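Enquirer: Sharing a structure, written as structure tokens. Questions coming.
No value in this document is a laboratory result; all are computed from the given coordinates. This structure is a prediction, so every number in the text was calculated from the model and none was measured. Counting neighbours? That spans all protein chains shown, and the Cβs are built from the backbone with ideal geometry, glycine included.
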Amino acid sequence: MLWVYIGVSVLVIFLIWVMVKKNSVKEVGGANNVIELNKKLNKKQKTAKGQVCSFCRNKTDRLAFYSDEQGKVLGLCNSCKLLAENRGLLRL
Ligand SMILES: [Zn+2]
């Protein structure tokens, strides 16, 4: 039962984190369109060469690679790295 509990907690934390992230993007977007557009363009250029995280689909400069229960390779950003470690995934 302990593993089920840990799994559920990780999932809940992840969902809260995704929701908080979505909300903050929306709020900033409505605040000032011109500045926000510039920020977005800069962000796109900066992360153009970045890789996409397997969990949250965000682009990041550095990915940590893990192998999941099915042996699939996951490239994870800093935030999702912690989730992978909590799930006990193997670092490659
Ligand atoms: Zn991620």
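Enquirer: Label GLN70 and ILE13 with points 7 Å out from Cα along Cα→Cβ: what is the distance between them in nm?
Expert: In this crude spin-label approximation the distance works out to 2.4 nm.
Enquirer: Taking R0 as 30 Å, what's the FRET efficiency between SER79 and VAL4 from their Cβ-Cβ distance, rounded to 0.05?
Expert: On the way: r = 23 Å, r/R0 = 0.77.
With R0 = 30 Å, the Cβ-Cβ based efficiency is 0.85.
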